[in-house]
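To start, the structure under review is shown below, and the notes come after it.
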Amino acid sequence: MSPRLLAFLVHLAASAAVLVAIVAVVLFWWYPIPMLDLQGGMEVMLIILLVDLVLGPSLTCLVYKPDKKSLKLDLSMIVLFQLVALAYGVNSIRAQRPDYLVFTFDRFFVVSVTDTIGTLPSRSSLPTWRGDIPIGTAPITSFTTSKSLDELEIVSENNLIPPLALVAAEIGNYPGTAVKPTKENGQTLEEISDGALRRRGLAIVQRAGLSPELVRAYRVIGRKGTAIA
């Protein structure tokens, strides 16, 4: 095996090990499925993949010559570039990770770390979803009552305001009325327009031994996509 190929494989193996650790943290802790799609983090993950597994090892293969005087400097610069790009990508993903699932009106909003404002409720006081993401309710504040649901959704999805990040510690003392998921403000499984999603929901409900008539579905709105809860 040539020294150049060996250097490429060593760099690739080291990069892959780092990438596996990052992907594990992102998918199992920061962005439990399907949060990565909802928040638009997949593009950043692809950039990290490109830099970590393709660009870095390829540059090493390109410059590696055992007798080259500037080899150590060249390799150091490649690793430094790779680490800086990796740190930037990971920080971007971390900043948009879901911090709360907030229910209001008739839907859930994914609230990221950078969206949360004010005093947040104690995480231990709320039920949690995958990855220990707290689930809470947001009040209908004077800010939101002047907008229809469609207007509010458009504003939220285009990131013009933090998507209902007003999750105050004392909901009862906050202006407005807290709205919780109920039978009346959700859809029946038969009312879900997406046929494949409807069939999947029915299958899950049947496996859980529940009556489909008692189950309600709600929209989940993230920065870049929507889902059904």
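The values are calculated or read from the model by the stated rules, or taken from the named source; none is laboratory data. The model shown is predicted, which means the values in this text are computed figures rather than measured ones. Glycine also receives a Cβ, built like all others from the backbone with ideal geometry; neighbour counts cover every protein chain displayed. Note: areas computed on protein heavy atoms with side chains; ligands, DNA, RNA excluded. Shrake-Rupley method; radii C 1.70, N 1.55, O 1.52, S 1.80 Å.
Assess whether residue 3 counts as being in contact with a strand residue (DSSP E or B) (Cβ under 6 Å, 6 or more places away or on another chain) and either touching a residue at least 12 places away in the same chain (Cβ under 8 Å) or surrounded by 14 or more Cβ atoms within 10 Å (Cβ to Cβ) (or both).
Values: in contact with a strand residue (DSSP E or B) (Cβ under 6 Å, 6 or more places away or on another chain): no; either touching a residue at least 12 places away in the same chain (Cβ under 8 Å) or surrounded by 14 or more Cβ atoms within 10 Å (Cβ to Cβ) (or both): yes.
So residue 3 fails the test.
Of the conditions (1) in contact with a Leu (Cβ under 8 Å, 6 or more places away or on another chain); (2) on the phi > 0 side of the Ramachandran plot, residue 40 clears all except one; give me its number.
Result: residue 40 fails condition (1) only.
Within the range 84-98, is there a residue that is more than 20 Å from the chain's Cα centre (by Cα) and open to solvent by 40 Å² or more (accessible area, probe 1.4 Å)?
yes
Just the residues that are touching a helix residue (DSSP H, G or I) at 6+ places or on another chain (Cβ under 8 Å), open to solvent by less than 60 Å² (accessible area, probe 1.4 Å) and either among the hydrophobic types (A, V, I, L, M, F, W, C) or at pLDDT below 85 (or both), please, taken from the range 6-26.
Selection gives 7, 8, 12, 16, 19, 22, 23, 26.
Which members of the range 185-229 meet the condition of being open to solvent by 50 Å² or more (accessible area, probe 1.4 Å) and in a strand (DSSP E or B)?
Residues satisfying the conditions are 187, 219, 226, 228.
Out of the range 29-75, which residues are in contact (Cβ under 8 Å) with a residue 60 or more places away in the chain, open to solvent by 40 Å² or more (accessible area, probe 1.4 Å) and within 11 Å of the chain's Cα centre (by Cα)?
Answer for the range 29-75, where residues must be in contact (Cβ under 8 Å) with a residue 60 or more places away in the chain, open to solvent by 40 Å² or more (accessible area, probe 1.4 Å) and within 11 Å of the chain's Cα centre (by Cα): 29, 33, 34, 37.
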